[in-house]
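Report on one structure; see the data block that follows.
The values are calculated or read from the model by the stated rules, or taken from the named source; none is laboratory data. Only a predicted model underlies this, so the values are computations on that prediction, with no experimental measurement involved. No Cβ is skipped: glycine too gets one built from the backbone with ideal geometry, and neighbour counts run over all protein chains shown.
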Amino acid sequence: MSLNGALSTASSALQLFSLGLQVTGNNISNASTPGYVREQLKVYPTAPYQEGSVLVGSGAQAAGVQQVLDRFLESRIYSANTDYAASSTRYTSYTNLQSLVGELGDQDLSTSLNDFITAVQNAANQPDDPAFRNIVIQQGQLFAQDVVNLRSRINELRDSLSGQMKSLTDEANSLIDQIAQLNPQIGRLEANGLDLSEAGALRVQRLNALNRLSEIIPIRVNEQPSGAIDVFTSSDFLILSGFSQHLETVVAPTDSGVAEINVQTTSTKAPIGANGGELGGLIESRDRILNGFIDQLDQFVGSVINEFNKIYSGGEGLVGFTDVTSTNYVNDTTAALNQAGLAFSPEHGSFEIQVRDATTGASTNSKISIDLDGLGTDTSLEDLRAALDGIDHITATITSENKLQLKTDAGYEIRFQGDTSGVLAALGINTFFTGSSSDDIGINSVVANDQRYFAASQGGGPADNSNALALAQFIDQPLSQLNGLNIDDFYTNMIGTLGQSAAAEEALSKGAGGFRDSLLTQREQRSGVSIDEEAILALQYQHNYQAAARIISTVEQLFNTLLNI
């Protein structure tokens, strides 16, 4: 009986060591396979049996082939992937935005605005010289075009983010499908945990899919006893008990009227927000970085338009108007002007309008009060029209587009002076710039087509440069809407903040990348294949196999001895 037991034990050992060599060979062949997890043969001693009064061991048995994997470390890697991907995406958006702004070059907005102010200063030195007046108009057009071009490029960058979001959504859905298909395959091969072996190759495929999915969106993984996994994102499930749902892009309107792409789950409609991953980084890049910069740019450009026009509209050119229509409209002609939907709100104050006989040169001035103190009945566009229409030689009407139009009798012209209410700038009467933001800034066609309308004076004749001097200094005036900063300082702070935010995001991205790399190093040390270690293990299996074979040979000789007695 003892010889039979020894033979059985040695025979089992041969099978065991052969299996060990196979596992080691598989590890070596996959040493360069991306994401491969080292496999290990699990061995346990078999139950002993009684031989007379002695308990004798019956050898060893393979418990299964399992991956050497720290699942807690994997969950930390998923989280690190998510954080790094989000930060890296945001940093890329910052660098792209900085490249568009181009403040280190000579085509930036600050240079363009300074060139415009320089042209105004030169025109102030020669207020009646048509050449200098034309240069002001040209530089103003260049500045407005530079603003519109910058805004257009930022819009294109925002559109490209939407395209990336769609591509990432499709990739995430493909990964979800891959994981959902691998789940039952792994479960069948692992026989629902009846043995201790793992479907290593399929688990590697699933692990790689999970790692990539964690770079796109934040995920949390829960493995079931069957070997299948449930996958959750920050807001909902993606795979749960054999059921899966995809992501989808939806078009959502915004306050600005520009539609934006958002992402949600297909079944539960749970939003995938800016919670991390490449998708979250894109959403945050659009909503916080690009839209935030656009808001600041609009604030800057709106201040340039309004403040320049407020000064400009109180001056006059070399000729007066015989027919002028406001460039801006109101939503309600009977509402108070500061509540009528104008982009720039007028204030309580007044302005003067001068009616001049072009033949005799005789003129009369009329003061128009703008009552916006909130007491009693405030001035509406209809009230303003009636007040202007009551002046001799002026016909005031409201067009079908809710714009104010002024016409003079033949042989008369009108000029504007001393507007303390800002109503002329708000309505767009006797203004230089049109529009209200970086999206629609332009030059008033009246002055663009005829330099004589450029309002360099404040009523002192062709040589009067008082309005041009005031216009040349408009960017130096502190403004309440800019938190007490002047236009120049606000722009400088805006660009400085962009640079600081980009630098901070770069540091954050490097830190997140370093942390993720350290986790990947830990994973490689634990789960990666070392050729040297596997070679040593192969030699051990070889020697063990030879020893087991020697036992079989010895038992055979002993049996032959018994048979020959």
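Scanning segment 393-430 for residues that are under 15 Å from residue 366 (Cβ atoms), assigned to a strand (DSSP E or B) and in contact (Cβ under 8 Å) with a residue 60 or more places away in the chain yields a total of 8. None of 437, 421 is within 28 Å of residue 295 (Cβ to Cβ), of a type in the set (Ser, Thr, Tyr) and over 38 Å from the mean Cα position of the chain (by Cα) except 421. Could you identify the single residue in 119, 180, 144 that is of a type in the set (A, V, I, L, M), buried (at least 17 other Cβ atoms within 10 Å of the Cβ) and in contact with a Gly (Cβ under 6 Å, 6 or more places away or on another chain)? 144 is the lone residue from the list that is of a type in the set (A, V, I, L, M), buried (at least 17 other Cβ atoms within 10 Å of the Cβ) and in contact with a Gly (Cβ under 6 Å, 6 or more places away or on another chain).
Residues in segment 221-235 that are in contact (Cβ under 8 Å) with a residue 24 or more places away in the chain, crowded, with 16+ Cβ neighbours inside 10 Å and either in a strand (DSSP E or B) or of a type in the set (Val, Ile, Thr) (or both): 221, 229, 231, 233.
Looking across segment 455-474, the residues that are within 46 Å of the chain's Cα centre (by Cα) and within 22 Å of residue 364 (Cα to Cα) come down to 455, 456, 467. Selection of segment 236-293 for residues being touching a residue at least 40 places away in the same chain (Cβ under 8 Å), farther than 30 Å from residue 225 by Cα and part of a strand (DSSP E or B) yields 248, 249, 260, 261, 263. With respect to the stated conditions, residue 466 is modelled with pLDDT under 95, in contact with a Ser or Thr (Cβ under 8 Å, 6 or more places away or on another chain) and hydroxyl-bearing (Ser, Thr, Tyr). Screening the candidates 399, 434 for the property of being at pLDDT 95 or above, among the hydroxyl-bearing types (Ser, Thr, Tyr) and more than 26 Å from residue 135 (Cα to Cα) yields one hit, 399. The set of residues in segment 41-88 that are among the acidic types (Asp, Glu) and farther than 17 Å from residue 524 by Cβ comprises 51, 83. Which members of segment 61-105 meet the condition of being among the small types (Gly, Ala, Ser) and either buried (at least 17 other Cβ atoms within 10 Å of the Cβ) or touching a His at 6+ places or on another chain (Cβ under 9 Å) (or both)? Residues satisfying the conditions are 62, 79, 80, 85, 86, 87, 88, 93. In the set 259, 274, only one residue is surrounded by fewer than 16 Cβ atoms within 10 Å (Cβ to Cβ), of a type in the set (Gly, Ala, Ser), farther than 30 Å from residue 199 by Cα and modelled with pLDDT under 95; that residue is 259.
Among the residues making up segment 94-109, those that are closer than 16 Å to residue 301 by Cα and at pLDDT 90 or above are 101, 109. In segment 342-363, is there at least one residue being of a type in the set (Val, Ile, Thr), touching a residue at least 60 places away in the same chain (Cβ under 8 Å) and part of a helix (DSSP H, G or I)? The answer is no, given that none of the residues of segment 342-363 is of a type in the set (Val, Ile, Thr), touching a residue at least 60 places away in the same chain (Cβ under 8 Å) and part of a helix (DSSP H, G or I). Is it fair to say residue 118 is closer than 20 Å to residue 296 by Cβ, of a type outside the set (Asp, Glu) and assigned to a helix (DSSP H, G or I)? It is false that residue 118 is closer than 20 Å to residue 296 by Cβ, of a type outside the set (Asp, Glu) and assigned to a helix (DSSP H, G or I). Number of residues in segment 375-394 that are of a type in the set (Gly, Ala, Ser) and more than 48 Å from the chain's Cα centre (by Cα): the value is 3. I'm checking my understanding of the structure. Among residues of segment 335-354 that are under 29 Å from residue 412 (Cβ atoms) and more than 40 Å from the chain's Cα centre (by Cα), which one is surrounded by the fewest Cβ atoms within 10 Å (Cβ to Cβ)? My answer is 350. Considering segment 301-334, the residues that are crowded, with 19+ Cβ neighbours inside 10 Å and hydrophobic (A, V, I, L, M, F, W, C) include one that is nearest to residue 371 (Cα to Cα), namely 330.
Residues in segment 395-415 that are within 18 Å of residue 317 (Cα to Cα) and either among the aromatic types (Phe, Trp, Tyr) or buried (at least 16 other Cβ atoms within 10 Å of the Cβ) (or both): 406, 407, 408, 412, 413, 414, 415.
Quick grid of which residues meet (1) out of contact with any helix residue (DSSP H, G or I) (no Cβ under 8 Å at 6 or more places or on another chain); (2) touching a residue at least 24 places away in the same chain (Cβ under 8 Å); (3) surrounded by fewer than 16 Cβ atoms within 10 Å (Cβ to Cβ):
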position: 478; (1), (2), (3): yes, no, yes
position: 482; (1), (2), (3): no, yes, no
position: 499; (1), (2), (3): no, yes, yes
position: 503; (1), (2), (3): yes, no, yes
position: 526; (1), (2), (3): no, yes, yes
position: 529; (1), (2), (3): no, yes, no
position: 540; (1), (2), (3): yes, no, yes
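Please state which one of 182, 175, 161, 202 is within 28 Å of the chain's Cα centre (by Cα), of a type in the set (A, V, I, L, M, F, W, C) and over 30 Å from residue 109 (Cβ atoms). Residue meeting the stated conditions: 175. Note on segment 368-382: residues that are over 11 Å from residue 423 (Cα atoms) and part of a helix (DSSP H, G or I) total 1.
Quick one: in segment 286-318, which of the residues that are among the charged types (D, E, K, R) and over 22 Å from residue 465 (Cβ atoms) is farthest from the chain's Cα centre (by Cα)? Ranking the candidates gives 298 first.
Confirm whether residue 188 is surrounded by 15 or more Cβ atoms within 10 Å (Cβ to Cβ) and either assigned to a helix (DSSP H, G or I) or of a type in the set (A, V, I, L, M, F, W, C) (or both). Judged against the criteria, residue 188 is not a match. Residue 5 meets all of the listed conditions (1) part of a helix (DSSP H, G or I); (2) exposed (fewer than 12 other Cβ atoms within 10 Å of the Cβ) but one, namely (2).
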